[in-house]
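Derivation of every value follows stated rules applied to the coordinates shown; laboratory data play no part. Remember, predicted model here, so these are calculated numbers, not experimental data. Neighbour counts are summed over all protein chains in view; Cβ atoms, including those assigned to glycine, are modelled from backbone coordinates with ideal geometry.
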Amino acid sequence: MSRVRVLVGTRKGAFVLESDGKRERWDISGPLFAGWEIYHLKGSPADPNRLYASQGTGWFGQLIQRSNDGGKTWEPVGNRFVYDGVPGTHLWYDGTPHPWEFARVWHLEPSLTDPDTVYAGVEDAALFRSTDGAQTWQEVAGLRCHESAPSWQPGAGGMCLHTILLDPSDPERIFAAISSAGAFRTDDTGKTWRPINRGLRSEQIPNPTAEVGHCVHRIAMHRSRPGVLFMQKHWDVMRSDDAGESWQEVSGNLPSDFGFPIDVHAHEPDTIYVVPIKSDSEHFPPEGKLRVYRSRTGGHEWEPLTKGLPQRDCYVNVLRDAMAVDSLDSCGVYFGTTGGQVYASSDAGNSWAPIVRDLPAVLSVEVQALP
Amino acid sequence: MIRVALPAHLRKLARVDGEVKLDVEGQVTQRSVLDTLEACYPMLRGTIRDQVTQRRRPFVRFFACEEDLSHESPDAPLPDAVATGAEPFLVVGAMAGG
C-alpha cells in the first residue's frame, strides 16, 4: 500500500504528517525549525527523500534547508541570493521607483528529473536556480530583466514570485507568476520571458487589461495536459487552453471568485479546486462557512464541498501555497488554514477531516505519495 | 580567546550550546570577530550580516560591556574586555513584537 507524506510550512516551523494509503491515522512530527517561518517545503519528484525547505525570520534572514532522508535530518545549504548585475528599481506601493531588494524565498520547485536542480521564487520578484542541490544559486535573470520589470509593483504580501510550473512535456518551458505583475512564460529555459496575461481583467490597475500588473495568486496545471492552465487571480478564476496565450474567466457560480489557492485533481484534468474567500478586504470564507469548491468541468460549474468542514463561525484564510493533491488511486486533497488546521480528503473532496487542528498559521502544504 | 554569545535561534542553527569561543587573528573588531565566526560556522552566513553588503541585519544588535555597539564602525576595535575574553560579544535579536 502506498503512503503519503504531507509537508506543512507554518509561521513558526515545519511539520511532517504521514499516513498509510487509507489516510485515516496520521503521525505528526515537528515542529522542525521551531520558531522560524517556513514559507514552503517540497520534495523532489525524482527522489522523494530529497526535500527542500525555505526557512526565515525578519531577524536572521533567509536560510535554505535540505534533507536527503525524507525529512528525518536536515542541513542548511546555500542562502546567498544575489541578483544578477545592477538590479535597478521596480514600483513601490505609492508608485515611486524602489530598489530591488531580496527579502525571502516564497516557493521552491524541484526539477521533475534531477534531485539536485531546484528553482526558487523570491521576493522581490525573481527566479533563482540551483543545480548543485541548493548549495549555490544563480538568478534566471531573463525574467527580472524583462522590459516591463521597472513597472512591476508589490501586492499586499510583497512583490513575490510565488508560482513556478515546470512543463513535463517540454523541459525548456517554465511558467512563473508574480504578485502583482502577472504570469510569464519562457520557452528557452529562462533566457527570455514574455507576459501571458491576455484576457485578464483587473479593475485595481489603471488599465484593467494591461499586459502586466495583474495580481495573479496561483496557477495550476495537470501534468498530462500542460497547455491547460487554471488561475486564481486576486478576483476571478481563469482558464487558458493555449499555455497562457489567452485566458477566459470560469468563475461561474462561485459565491466569490476571490481566493488564493487553486489545484487540479491528480487523475481528472478537468476537475479543479478553489477555496472562495469573501473579498480582498475580508480574507475569510463567505458567511463564515469553510467550503472548498470543485468543478468537474474545468470551470464555470462549481459545487460546494462541505462535509467535515466547519459551516459556521469560521474566519480563517487559505493561502496560495496551502493546497495540494496526492496521486493515490482515490485522489487525496489537502489544505491548511491560517487558523492552524490541516484538512484532508481521501475521496477527492467529497468528505474532509482535520489531520491536525492547532498548528501555527499554515503557509504551505505539499504532499508526496510514497511507495 | 573571544567569547561570542549568540541568540537561541542561531545557537540551534550552529548546533552549539552556550557561548562560542573564537581565536581571532589581528585586531579584534566587529568585522574580524564576525569573519571568524562565519568561517567556523558557515551556516551563520547571512543571518547576522547581509551576504553582499556585509551590513548588520536591521533586527540584529551588538552589545558588549553594557554598551550598544551596533552603530560603531565594523572596523573599530572592540573593548579590551572583549578582546581579552573577560566579557562576551553579544549578538542579540532586537526586541520586537508584542
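When the convex hull of its Cα atoms is viewed from all sides, region A:24-166 shows a mean projected area of 9.9 nm².
A Förster distance of 41 Å, applied to the separation of the beta-carbon atoms of residue A:46 and residue B:12, puts the FRET efficiency at 0.85.
Just report the Cα centroid separation between region A:217-276 and region A:128-144, whole Å. With region A:217-276 and region A:128-144 each reduced to a Cα centre, they are spaced 28 Å.
Just the Cα atoms of region B:2-93, one point each, no solvent: what log10 I(q)/I(0) does Debye give at q = 0.13 Å⁻¹? Computed log10 I(q)/I(0) values: -0.36.
Between A:46, A:125, A:344, the residue with the greatest mean-square fluctuation in the GNM of chain A (Cα pairs under 10 Å linked by springs) is A:46. In this Cβ point-charge picture (+1 for Lys and Arg, -1 for Asp and Glu), region B:1-44 has a dipole of about 200 debye about its Cα centre.
Taking the Cβ-Cβ separation of residue A:248 and residue B:71 as r and a Förster radius of 41 Å, what is the calculated FRET efficiency to the nearest 0.05? Intermediate values should be presented prior to the final figure.
Numbers: r = 56 Å, r/R0 = 1.37.
Efficiency, rounded to the nearest 0.05: 0.15.
Excluding same-chain neighbours fewer than eight residues apart, the lysines reachable from residue A:22 by a Cα-Cα span under 30 Å are A:12, A:42, A:72, A:289, A:307. With a Förster radius of 30 Å applied to the C-beta separation of residue A:92 and residue A:241, the computed FRET efficiency comes to 0.25. Straight-line reach from residue B:21: which aspartates and glutamates have Cα under 12 Å away, leaving out those fewer than 8 places along the same chain? Straight-line reach from residue B:21, under 12 Å: B:87.
Charge dipole of region A:3-370 (Cα centre as origin; +1 on each Lys and Arg Cβ, -1 on each Asp and Glu Cβ, all else neutral): 700 debye, rounded to the nearest 20. Histogrammed with a bin width of 20 Å, the alpha carbon distances of the protein assembly as shown distribute as 24, 54, 20, 2 percent, first bin at zero. Taking chymotrypsin sites (Phe, Trp or Tyr not before Pro) across region A:76-169, the ones in a DSSP loop with at most 13 further Cβ atoms lying within 10 angstrom of their Cβ are A:92, A:93.
With distances taken between every two different alpha-carbon atoms, region A:230-318 has a Kirkwood hydrodynamic radius of 13.1 Å. Centroid-to-centroid, using Cα positions, region A:26-59 and region A:156-199 are 24 Å apart. Annotation for residue A:194 and residue A:347: the two label points, set 7 Å from Cα along the Cα-Cβ direction, are 4.7 nm apart.
Projecting the Cα atoms of A:176, A:154, A:279 onto the dipole axis of chain A, where Lys and Arg carry +1 and Asp and Glu carry -1 at the beta carbon, places A:279 farthest toward the positive end. Taking the average, over residues, of other Cβ atoms within 10 Å as the packing measure, peptides A:318-331, B:54-67, A:237-250 rank A:318-331, A:237-250, B:54-67 from highest down.
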